[in-house]
Amino acid sequence: MKSLLSGIKPTGHIHIGNYLGTVKNWVELQDKYNCHFFLADLHALTIDISSEELKQQSFDLAVDLLSLGIDPKKSIFFKQSDVVGHAELAWIFNCLTPVSELERMTQFKDESAKQPENVNAGLLTYPALQAADILLYLADNVPVGQDQIQHLELTRVVARKFNKRYQEFFPEVKPVLSPTPKVMALNNPIKKMSKSMGPASYVAIRDDRKTVVKKIKKAVTNEQGIKNLLELYSYFGDEKKHKEMLKDHKAGKLMNVKLKEELTTSIINFLEPVQKKIKDYEKNPAKVQKILDDGAKKAQKIATKNMAEIRKIVGIR
Ligand code: ADP
Ligand code: TRP
């Protein structure tokens, strides 16, 4: 079976953009690939985050992912920092990555602009750690949203450099995109739905009924906005009704109120069972911890084996 890996930073609750852009793919691909999914807590250290926040948000993210359908029986599910090897390989990759390539990264520029008082070296070398996350497991398929494509291209550059300097060892990494690799913000549909665009831009999977109603009601309904809402409805709603709405939209007869009501109901119907699972996991933090501990053990086995080979190849053993 082919190997697949992806991670997500514990920097806030998952929203429907993250879900449709990538996590839905993770859940669906669990039967087809040898899957590794992790909480990228080392990457989260590149932003200002207290230790309490990091701990809590890592736990919450684990709960979110399990409730959305990540199945630890099918996939290796773990926390990045629990596995020795990510940071070591990142250092080796740092020494192969041109600074000019790192400075070109859109995420580096965006994050630096967001926190001008904290443009730390970790923000710059972030993609070297991401390349290490992937290549430590020799994974070649990486499901992500569109904004991560650039980092995967850099991962390929680093792998090629390593293979050329030492020997053919790392595979070519391929992005796995969902049909919705870029869900747009509800309040500004020319921008990507994102935590950094603020809560009005997204529906979080933990939002209660009242919040969902309010956010969809306020969603911008210019041409791009309607397109985005219709697209969202095609994933959460009823296929037949979606076709009818598309027809009405083409004929200029689609009522925004109707689209918004139907979309709200469909999202709430999707969220209700997920939120029930979230509540159940929250009542049992020891169970969540055990899942992550077991996952880390499995991941560590692979990482230890591959790191031993990498050390030999590089000449540090
Ligand atoms: P955010 O921008 O909300 O902080 P992250 O950067 O934590 O989201 O992204 C987590 C994952 O979700 C990544 O794989 C990313 O590509 C994907 N993703 C984020 N926002 C969107 C979006 N609006 N549409 C599709 N995928 C997205
Ligand atoms: N950089 C990714 C994001 O911002 C998170 C991430 C870290 C990741 N390591 C990864 C994604 C490895 C895929 C593979 O969302």
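Summary of values
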item	result
Options GLN30, HIS13, PHE59, ranked by Cα towards positive dipole end of the stretch 1-106, top entry (Cβ charges)	GLN30
Gained length - THR211 relative to ASP31, 0.36 nm times residue gap less alpha-carbon distance	61.4 nm
Degrees between helix 223-236 axis and first principal axis of the chain (Cα, 0 to 90, nearest 10)	80 degrees
Selection from ILE47, VAL176, GLN130, by position along the positive dipole direction of the chain (Cβ)	VAL176
Label-point separation, GLU244 to LYS227 (7 Å along Cα→Cβ), nm	2.6 nm
Under 5 Å, built H, 5+ apart or other chain: amide partners of MET184	MET193
Inter-site label distance for LYS174 and LYS312 at 7 Å from Cα along Cβ, in nm	2.9 nm
Listed peptides 225-232, 123-130 by packing density, highest first (mean Cβ within 10 Å)	123-130, 225-232
LYS73 paired with LYS2, simple spin-label distance in nm, labels 7 Å along Cα-to-beta-carbon	2.6 nm
Helix axis angle, 285-314 relative to the chain longest principal axis, alpha carbon, degrees	40 degrees
Rule-of-thumb Rg ratio for the stretch 112-218 [Cα; 2.2 N^0.38 Å; N residues]	1.39
Cα gyration tensor shape of the stretch 76-118, rounded if a/c is under 1.5, else prolate or oblate by comparing a/b with b/c	oblate
Placed amide H near HIS15: partners under 5 Å, 5+ positions off or other chain	ILE205
Crossing angle, helix 121-135 versus the chain [Cα axis fit, 0-90 degrees, rounded to tens]	80 degrees
Per-peptide average of other Cβ atoms within 10 Å, ordering 190-198, 5-13 highest first	5-13, 190-198
Unsatisfied cross-links (Cα-Cα over 20 Å) in the set LYS182/LYS243; LYS74/LYS290; LYS114/LYS218; LYS24/LYS247	LYS182/LYS243; LYS114/LYS218; LYS24/LYS247
Within the stretch 60-101, backbone nitrogen closer than 16 Å to the virtual label 7 Å beyond the Cα of ALA121 toward Cβ	87-100
Cβ-placed point charges (K, R +1; D, E -1), dipole of the chain about Cα centre in debye, nearest 20	560 debye
Alpha-carbon spread of the stretch 195-280, three principal axes, descending order, Å	45, 28, 18
Most mobile listed residue (ASP41, ASP133, ASP71) in the chain, GNM with C-alpha springs under 10 Å	ASP71
Charge context of ILE76, other residues only, Cβ under 10 angstrom, K/R +1, D/E -1	+3
Neighbourhood net charge (13 Å Cβ-Cβ; Lys/Arg +1, Asp/Glu -1) for LYS182	+1
Over 18 Å (Cα to Cα) - which of LYS32/LYS277; LYS191/LYS260; LYS210/LYS260; LYS9/LYS55 fall in this group	LYS32/LYS277; LYS191/LYS260
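Throughout, read-outs are computed from the coordinates displayed, never taken from laboratory work. Model, not experiment: these values are computed from the prediction. Here Cβ is always computed from backbone atoms with ideal geometry, including for glycine, and neighbour counts include all displayed protein chains.
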